[in-house]
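Q: To start, I am sharing the structure in question, which I have written as structure tokens.
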Amino acid sequence: MGFPWQTAAAAAVGVGIGICLEKLRRVQTVRSSSDVVKSGVDVFVKKDQLEEAVASCLKAVGTPPDKAALVAKVLVAADCRGIPSHGVNRAEMYCGELKAGLIDPTANPKISADSPSAANVDGCNGLGAVVAEFGMKLCIQKAKSTGVGFVVCHNSNHFGIAGYWSELALKENLIGFAFTNTSPFMVPTRACQRAGGTNPIACYCPGENGDSFQLDMATTTVPVGKIEVCHRKGQQIPHGWGVDNTGVRSTTSPEKVLVGGGLTPLGGLEETAGYKGYGLNMMVEILCAVLSGCHKVGPDVPPWRVDRGTPVDYGHCFICIDPTKLLPTGDFQKALSGYLSTMRQLPPGDATQSVLVPGDPERAEEGDAAKHGVRLNLQISLGLRALAQSFNCSQMLPQEIQGLPERATAPKHPHTV
Ligand SMILES: NC(=O)c1ccc[n+]([C@@H]2O[C@H](COP(=O)([O-])OP(=O)(O)OC[C@H]3O[C@@H](n4cnc5c(N)ncnc54)[C@H](O)[C@@H]3O)[C@@H](O)[C@H]2O)c1
């Protein structure tokens with residue numbers, strides 16, 4: 001499946017190749033929080049060039065090449081999947097943390113407790129992607145030998161999109177779950193201050209012929225990255241995403257959410273059952289932080305700011321299940337594909353919008369990225385250029401970004417300054 005493009009002038013801004021003043025048609029009938037975030041002017045760049053540019057920035061702040069390449073791959077994968085909130089938008093924050101000495105870019109994780117199907121991993125305050133790759137690969141090994149793998153990690157950092165890690169399991173024909181706790185941004189039901197992270201849940205399940213179920217979501221109404229992208233673009237957010245510094249008053253100002261405000265749990269207010277999102281959010285905190293032995297939990301996790309002066313000590317949890325240990329080989333994939341087809345073929349409520357299953361929107365974005373290049377919002381591209389310029393590595397940027405007209409960049413995120 002794919003989404004139709006609407007063409008408009010591209011040459012007006014002068015640099016030709018990259019900038020498109022195109023908007024996806026779906027943006028005109030905004031339906032999801034992702035559509036809100038993805039509106040605006042875009043630049044299209046080659047995936048490998050973007051990865052190299054991001055890796056160069058990370059190397060400039062002491063990250064060894066192999067680890068920089070992995071982190072860059074995870075970030076760019078998010079942009080390819082149409083999740084700009086967790087793509088190269090994050091490079092500035094990661095580099096800020098590395099520059100401030102808050103993360104050890106050279107650290108390798110180590111196993112602190114082990115059994116045939118379960119393990120606990122000490123991330124040694126290394127890069128989140130490095131810890132997550134180690135944790136998920138270990139989990140996959142255990143699932144292949146015992147039927148189920150359960151691995152928690154502590155003393156880690158931001159690991160990017162949770163789905164990236166579930167996908168490693170999917171590639172091995174396993175069901176893969178990935179969870180992480182994060183710094184406080186969620187205001188719990190009946191509270192008036194932040195006391196939990198955006199704590200995502202990812203669950204990927206393999207179907208037949210490359211089809212799959214790919215649920216990957218924050219347990220807040222939106223992740224903080226979606227607020228940041230709107231902030232970069234100077235765009236208001238819809239009511240219901242977040243509250244101001246009173247902790248209870250809904251706001252459309254991304255700045256007010258980022259500075260002293262917070263995010264609603266998935267489901268929103270109490271009358272729209274936000275307490276269920278709050279409960280899921282706590283479940284993720286328990287699996288990731290309490291069970292792995294993180295020193296700080298929930299409201300006590302340090303803020304995700306470069307001036308926090310201490311490691312964040314995030315925890316992750318990975319679960320893998322091998323369906324062949326429960327059903328004859330291939331039966332799960334076949335039954336899942338049948339179920340996914342049934343759901344997609346449901347009569348749509350709006351004849352112009354077919355019913356999707358989790359993962360369909362991101363798969364369509366990946367298809368578009370493979371054809372047209374990775375779509376980056378202009379403000380995010382300018383942010384990346386400013387970052388690369390600050391490390392004297394702007395020559396590594398794709399031409400489409402290097403050649404953007406000189407103009408003011410979007411404001412830095414309040415928690416990265
Ligand atoms: N590392 C972190 O600290 C952290 C924290 C929070 C979120 N995140 C990441 O942020 C990303 C975005 O999270 P989000 O909550 O904004 O996700 P989202 O709301 O954009 O999508 C959530 C899920 O809904 C599915 N979906 C979307 N439209 C659908 C439709 N019409 N029908 C059926 N399914 C549909 C998507 O495929 C996805 O699986 C995720 O990748 C998540 O892992 C990371």
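Q: So which residue, out of Glu366, Glu406, Glu285, gets the largest mean-square fluctuation from a GNM of the chain using Cα contacts under 10 Å as springs?
A: Glu406
Q: In segment 300-354, what trypsin sites (Lys or Arg not before Pro) fall in a loop by DSSP, with at most 16 other Cβ atoms inside 10 Å?
A: Here the sparse-neighbourhood loop sites are Arg308.
Q: Per residue of segment 92-103, in order, report the coupling 6.51 cos²θ - 1.76 cosθ + 1.60 (Karplus, θ = phi - 60°) as ³J(HN,Hα) in whole Hz, putting x for Gly and Pro.
A: Couplings: 4, 5, 4, 5, x, 5, 5, 5, 7, x, 8, 10 Hz.
Q: What is the order of Ser156, Ser341, Ser212, fewest Cβ neighbours within 10 Å to most?
A: Listing Ser156, Ser341, Ser212 from fewest to most nearby Cβ atoms yields Ser341, Ser212, Ser156.
Q: Sticking with the crude label model, points 7 Å out along Cα→Cβ, report the distance from Arg308 to Asn173 in nm, one decimal please.
A: Between Arg308 and Asn173, the label points sit 4.1 nm apart.
Q: Let me ask something additional. Once you've got the Cα coordinates, tell me which of Lys73/Lys99; Lys226/Lys334; Lys171/Lys233; Lys67/Lys137; Lys256/Lys371 are over 26 Å apart.
A: Lys226/Lys334; Lys171/Lys233; Lys256/Lys371
Q: Treating only the Cβ of Lys, Arg, Asp and Glu as charged (+1, +1, -1, -1), what charge dipole size does the chain show about its Cα centre? Round to the nearest 20 debye.
A: 420 debye
Q: Top mean-square fluctuation among Ala119, Ala60, Ala273, Gaussian network model of the chain, C-alpha springs under 10 Å?
A: Sorting by GNM fluctuation, first place goes to Ala273.
Q: Output ³J(HN,Hα) for segment 59-73: one whole-Hz value per residue in order, computed from phi by the Karplus curve 6.51 cos²θ - 1.76 cosθ + 1.60 with θ = phi - 60°, and x for Gly and Pro.
A: 5, 5, 10, x, 7, x, x, 5, 6, 4, 5, 5, 4, 4, 4
Q: Taking springs between alpha-carbon atoms closer than 10 angstrom, which of Asp313, Asp244, Asp35 fluctuates most in the Gaussian network model of the chain?
A: Asp35
Q: Let me ask you something else. In whole Hz and in residue order, list the ³J(HN,Hα) couplings for segment 109-125 that follow from phi through the Karplus curve 6.51 cos²θ - 1.76 cosθ + 1.60, θ = phi - 60°; x for Gly and Pro.
A: For segment 109-125, the Karplus-derived couplings read x, 9, 7, 10, 8, 8, 8, x, 10, 9, 8, 10, 10, 8, x, 6, 6 Hz, x marking Gly and Pro.
Q: In segment 144-195, which trypsin sites (Lys or Arg not before Pro) fall in coil by DSSP and have 15 or fewer other Cβ atoms within 10 Å? Before the final figure, lay out the partial values.
A: Details: sites: Lys144, Lys171, Arg190, Arg194; in loops: Lys171, Arg190, Arg194.
Those that pass, being in a loop and sparsely packed, are Lys171, Arg190.
Q: For Asn377, enumerate residues with amide H under 5 Å from its amide H, sequence gap 5+ or separate chain, H modeled in the peptide plane.
A: Val43
Q: Which value does Rg/Rh take for the chain over its C-alpha atoms, Rh per Kirkwood?
A: Looking at the chain, the ratio lands at 0.95.
Q: Under the 0.36 nm per residue contour assumption, what length would be gained going from the current alpha-carbon distance of Thr352 and Gln235 to full extension?
A: Roughly 39.4 nm would be gained on extension.
Q: Given only helices, namely DSSP H runs of n ≥ 4 each adding -39500 (n - 2.57), what is the per-residue ellipticity at 222 nm of the chain, to the nearest 500 deg cm²/dmol?
A: Value at 222 nm, helices only: -10500 deg cm²/dmol.
Q: Return, ordered by residue number, the residues of segment 180-208 whose backbone nitrogen is under 16 Å from a label point located 7 Å along Cα→Cβ of Glu271.
A: It comes to 190, nothing else.
Q: So who's got an amide H within less than 5 Å of the one on Ala119, skipping anything under 5 residues away but keeping other chains? H placed 1.01 Å off N, in plane.
A: Residues meeting the amide H criterion: Phe150, Val151, Val152.
Q: Oh, and also: Between Gln389 and Ala100, what is the FRET efficiency for a Förster distance of 30 Å, r being their Cβ-Cβ separation, to the nearest 0.05?
A: Between Gln389 and Ala100 the formula returns 0.95.
Read-outs: derived from the displayed coordinates by stated rules, not from any lab. No experiment lies behind these values; they were computed from the predicted model shown. Cβ coordinates were reconstructed from backbone atoms using ideal geometry, including for glycine residues, and neighbour counts include every protein chain displayed.
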